[in-house]
Amino acid sequence: MPNLKLSAAEWCFFRDGCDCADVYARLHRAGYSALEMVSASRWSTALMANLHVLNVAAPGMRDGLNQAVNHGALVPAILELIQKAKANEIAQIIVFSGSRRGQSDHEGIRNCATALGRLAGAAEAAGVTLLLEVLNTYDHADYQCCSGTFAFEVARAVRSSHVKVLYDVYHGHRMGEDVMNTVVKNLECIGHLHVAGSPKRDFPGEQQAIDYGKLVREAMAVGYSGYWGQEFCCAGDSVEQYCRAAALFQSYAE
């Protein structure tokens, strides 16, 4: 089995006033090789700690790509972000469907695919992958891309190796999906995975409803070689918990 790659979503553990160089060094020692959604002001500090910046988030979580009226503003903004990502060797940009606002999935899928189709060429040329994220509607009310089915249909409609799905296992589980089969059966569409405990988005330990040990083994057995993005919330020493999560997931791949 190949080595398991770990990334950490900075918004979950970074606190104002903390020594980010020390935090990044601790995470690197624990086995992380990348950070996600890092403030640009800390990119150089991350690189000095041997952590590369894996992704950044595009605008559009609420007013997103699923509404054609938003394309005039979002497409140029994402094109600009693609060039910024290329210049800084950032491999991924997270994009969002936005809120449903009463429209059908058919229309939302078509509009997302249209916008991402317009962006795919620039992403391919820059070596950047656009990731449509699945979010649950408990934490993100009315978000339209709330199922793997929606996201995978968009990716398959665009048919670009640089337009993939960010399948968040926690969000999928909260929406009642069979996350094990969803990941394994749609691996060709998945560019990145996020993980957290369910239903509280806490430490993804062995007592959680999601069997991450089984998921890691099965996903990697069928060829998943991307990052396992730790994106969970916690109290107390959050960095220590992220270090424990790294050890736990590394044990699953042994």
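Need pairs with beta-carbon distance below 7 Å; first residue acidic (Asp, Glu) and within the stretch 172-189, second in a helix (DSSP H, G or I); sequence gap 6+ or separate chains.
Final answer for the pair search is Glu177/Gly148.
Kindly indicate the residue of the stretch 85-100 that is touching a residue at least 40 places away in the same chain (Cβ under 8 Å) and under 28 Å from Ala34 (Cα atoms) and also surrounded by the fewest Cβ atoms within 10 Å (Cβ to Cβ) among those meeting that condition.
Per the stated criteria, the residue is Asn88.
Only residues that are within 19 Å of Gly226 (Cα to Cα) and not in a loop (DSSP other than H, G, I, E, B): list them for the stretch 159-178, please.
Scanning the stretch 159-178 gives Val163, Lys164, Val165, Leu166, Tyr167, Asp168, Val169, Tyr170, His171, Gly172.
Inspect the stretch 182-196 for any residue being touching a Lys or Arg at 6+ places or on another chain (Cβ under 6 Å), surrounded by fewer than 16 Cβ atoms within 10 Å (Cβ to Cβ) and not hydrophobic (A, V, I, L, M, F, W, C) and give the result as yes or no.
Within the stretch 182-196 (the criterion being touching a Lys or Arg at 6+ places or on another chain (Cβ under 6 Å), surrounded by fewer than 16 Cβ atoms within 10 Å (Cβ to Cβ) and not hydrophobic (A, V, I, L, M, F, W, C)), the answer is no, since none of the residues qualifies.
Identify all residues within the stretch 29-49 that are more than 27 Å from Val95 (Cα to Cα) and surrounded by fewer than 16 Cβ atoms within 10 Å (Cβ to Cβ); write none if there are none.
Passing the criteria: Arg29, Met48.
Inside the stretch 121-130, can you point out the residues that are under 8 Å from Val163 (Cβ atoms) and of a type in the set (A, V, I, L, M, F, W, C)?
Selection gives Ala123, Leu130.
Does Gly223 count as part of a loop (DSSP other than H, G, I, E, B), surrounded by fewer than 20 Cβ atoms within 10 Å (Cβ to Cβ) and of a type outside the set (Asp, Glu)?
So Gly223 passes the test.
Give the stretch 191-220 a look and list any residue that's of a type in the set (A, V, I, L, M, F, W, C) and assigned to a loop (DSSP other than H, G, I, E, B), or say none. Give the derivation first.
To start, the set of residues in the stretch 191-220 that are of a type in the set (A, V, I, L, M, F, W, C) comprises 193, 195-196, 203, 209-210, 215-216, 219-220.
If the condition is that a residue be of a type in the set (A, V, I, L, M, F, W, C) and assigned to a loop (DSSP other than H, G, I, E, B), then Ala196, Phe203, Ala209, Ile210 are the ones that fit.
Does Leu74 satisfy being over 30 Å from Gly223 (Cα atoms), at pLDDT 95 or above, hydrophobic (A, V, I, L, M, F, W, C) and crowded, with 18+ Cβ neighbours inside 10 Å?
When the stated conditions are applied, Leu74 passes them.
Quick check on Ala57: is it within 20 Å of the chain's Cα centre (by Cα), surrounded by fewer than 22 Cβ atoms within 10 Å (Cβ to Cβ) and not acidic (Asp, Glu)? Reasoning before the result, please.
Numbers: within 20 Å of the chain's Cα centre (by Cα): yes; surrounded by fewer than 22 Cβ atoms within 10 Å (Cβ to Cβ): yes; not acidic (Asp, Glu): yes.
In short, yes.
I'm trying to understand the selection: among the residues of the stretch 231-251, which are at pLDDT below 95, outside any helix (DSSP H, G or I) and not charged (D, E, K, R)?
Cys233, Cys234, Ala235, Gly236
Taking the stretch 7-16 only, how many residues are farther than 16 Å from Val56 by Cα and either at pLDDT 95 or above or charged (D, E, K, R) (or both)? Reasoning before the result, please.
So the first thing to find is which residues in the stretch 7-16 are farther than 16 Å from Val56 by Cα, and the list is 13, 15-16.
From what's left, either at pLDDT 95 or above or charged (D, E, K, R) (or both): 15-16.
The qualifying residues number 2.
Looking only at the stretch 145-154, how many residues end up being over 15 Å from the mean Cα position of the chain (by Cα) and either farther than 13 Å from Ser97 by Cβ or crowded, with 23+ Cβ neighbours inside 10 Å (or both)?
1
Among the residues of the stretch 101-144, which ones are within 23 Å of Pro199 (Cα to Cα) and surrounded by 15 or more Cβ atoms within 10 Å (Cβ to Cβ)?
Listed by number, the residues that qualify are Leu132, Glu133, Val134, Leu135, Asn136, Thr137, His140, Tyr143, Gln144.
Could you check how many residues of the stretch 160-175 are surrounded by fewer than 21 Cβ atoms within 10 Å (Cβ to Cβ) and either β-branched (Val, Ile, Thr) or under 14 Å from Phe150 (Cβ atoms) (or both)?
Total satisfying the criteria: 1.
Any idea which of Leu51, Leu27 is under 21 Å from the mean Cα position of the chain (by Cα) and more than 15 Å from Ala245 (Cβ to Cβ)? Explain how you work it out, then say what you get.
Numbers: Leu27 fails: more than 15 Å from Ala245 (Cβ to Cβ).
Of the residues listed, the single one that is under 21 Å from the mean Cα position of the chain (by Cα) and more than 15 Å from Ala245 (Cβ to Cβ) is Leu51.
If you scan the stretch 223-234, which residues turn out to be over 14 Å from Tyr167 (Cβ atoms) and in contact with a helix residue (DSSP H, G or I) (Cβ under 9 Å, 6 or more places away or on another chain)? Talk me through it step by step, then tell me what you get.
In the first step, residues of the stretch 223-234 are kept if they are over 14 Å from Tyr167 (Cβ atoms); the result is 223, 225, 230, 232-234.
Residues satisfying the conditions are Gly223, Gln230, Phe232, Cys233, Cys234.
The values are calculated or read from the model by the stated rules, or taken from the named source; none is laboratory data. This one's a predicted model, so the numbers in the text were calculated from it and none came from an experiment. Please note: Cβ atoms are built from the backbone with ideal geometry, for glycine as well, and neighbour counts cover all protein chains shown.
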